[in-house]
Amino acid sequence: MTRVMPLKDVLRDDKSRSVKGGADNENNFVKYTQVFRQLLLLNEKNDLATTLKNIQELLSFSEKVFSSSAVAESFLYFCLHGAATAWVLQTELSMPEATVYRTVKRLRALGLIVPALKVSKVKSSKGGPRPTVWALETASAEEIAGALKHHYRTLSPKYRVAERVAQTILDQFATKGKIEEISYKDLLVQIKALHIPFKAPDIADLAAQYLHEKGIKVWR
């Protein structure tokens, strides 16, 4: 089993180093990525407070590495998910389009991400270049496929609303302990109370799908 170096040791080990150039530093990027992914994935069994604390430490370290909070946040997103499009980064991280473009350009220049595939345009889209799924070199085919699927989802205003609703429900229950299931009826009640400008059942179905993917059972 591969031993994961404690975060404080990673931080201490890298204080005297610079990752701004040099072949040795570029070779270390793969190691940094693997360490970050292992550390983040280890948080799956932690409580919310511990997870947030560890992520904050990673974010602080990343900002020192990249001298940019936007690049640091995007890097952590790739460490968590393996792949993403610029549009997904824009929506998930609430970043301006121009900032995302500079961030992707920086990560690619550092050799941290590579183009994985081109996204087919939807019929209603305007002209311009086709979006690209960017991925870590160690990203799996499943992660790339998941990024593509998430890209199409986030193009839907209904899905984005449903995702926010579902995440709000998860955050509410997180303060009360672990949630394993929720009734579809309760889901509908909470959605109707928000007065969302979409049909409640449509949002409830999408939110239920999102919760299911997070390991939450929605029973009817």
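Worth pointing out:
- With contacts taken as Cα pairs under 8 Å and at least 6 residues apart, the range 157-219 reaches a relative contact order of 50 percent.
- Checking the Cα-Cα distances for K149/K185; K31/K118; K118/K214; K53/K199; K31/K158; K53/K217 against a 31 Å cut-off, the pairs over it are K53/K199; K31/K158.
- Separation in nanometres of the label points that stand 7 Å from Cα toward Cβ, at W219 and A49: 3.1 nm
Values in this text are rule-based calculations from the coordinates and carry no lab data. Because the structure is predicted, anything quoted here is derived from the model rather than measured. All Cβ positions, even for glycine, are placed from backbone atoms using ideal geometry, and neighbour counts span all protein chains on display.
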